[in-house]
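The values are calculated or read from the model by the stated rules, or taken from the named source; none is laboratory data. Remember, it's a predicted structure, so these values are computed and weren't measured experimentally. Here the Cβ is made from the backbone with ideal geometry for all residues, glycine too, and neighbour counts use every protein chain on show.
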Amino acid sequence: KVIEDIAEAKKIAQKIGYPVIIKAAAGGGGKGLRVVRSTTNLEEQFPIAQNEAKTAFGDSSIYLEKYLLKARHIEIQVVGDKKGNVLAFGERECSIQRKHQKLLEETPSPFIDEKLRRKLIKAVQEAAHFIGYQSLGTFEFLVDERKKFYFMEVNTRVQVEHPITEMVYAIDLIKEQIKIAAGDKLSFSPHLRLHGHSIECRINAEDAETFIPSPG
């Protein structure tokens, strides 16, 4: 729910409890994010977050969420065809980040057990089937210390880290995406099993000391 003013923000923050996080409704990549731990802090950060969202995305709309301490960033790859078939795969761990940008992804996550993995896959498959999802996509979650998961967003595209899922399942997601776009039925078996472990590390074109972008 988009928050219209600071008075509404205060009511929501009091209801869900501090700390909370302000997020840009049209945002991504860590822009427009502000963690606040008190009403006074909220009054200070609310207009700053609005201005940052407006500058970055041309839209000052923001909303509030409960801020989870020590949460893990976990995502689930999904693929759906035009005939109503969907399939979700095991998780990718994306918690190692800098400035809200992923640096390292791995699968399977060392934190997620088989019981939670099955719950995540089931939730994603049901959601994707309900909305009639087609092509590749990624459902992203935060998972707290008690292993309770919270939905964040769906990235309706191929993500940089998709190859690690391909490696542990011995599949070609891009080939499947093209076939689905051509009208073919999903060819992956629902009985695919994860084998091994895969890690991807991103290389950023930055100055090693200042971290300022440096493409060379």
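Could you check the range 7-61 and list, in sequence order, the residues that are among the aliphatic types (A, V, I, L, M) and exposed (fewer than 14 other Cβ atoms within 10 Å of the Cβ)? Within the range 7-61, A7, I16, V35, I48 qualify. State the number of residues belonging to the range 158-216 that are closer than 27 Å to Q97 by Cβ and of a type in the set (D, E). Total meeting the criteria: 6.
Within the range 96-111, is even one residue at pLDDT 95 or above, among the aliphatic types (A, V, I, L, M) and buried (at least 19 other Cβ atoms within 10 Å of the Cβ)? No - not one qualifying residue is present in the range 96-111.
How about the range 160-191: which of its residues are assigned to a loop (DSSP other than H, G, I, E, B) and touching a Leu at 6+ places or on another chain (Cβ under 8 Å)? Steps first, answer last, please.
We begin by selecting, within the range 160-191, every residue assigned to a loop (DSSP other than H, G, I, E, B); these are 160-161, 170-172, 182-191.
Passing the criteria: I171, L186, F188, P190.
Within the range 182-200, residues that are in the same structural domain as K102 (by TED's automatic domain parsing) and more than 21 Å from I164 (Cβ to Cβ) reach partners that are at pLDDT 95 or above and surrounded by 13 or more Cβ atoms within 10 Å (Cβ to Cβ) with beta carbons closer than 8 Å, at six or more positions or on different chains, in the pairs G183/K82; D184/D81; K185/D81; K185/N85. With the requirement that a residue be part of a helix (DSSP H, G or I) and in contact (Cβ under 8 Å) with a residue 40 or more places away in the chain, what does the range 1-34 give you? Matches in the range 1-34: I6, A9, I12, A13, I16.
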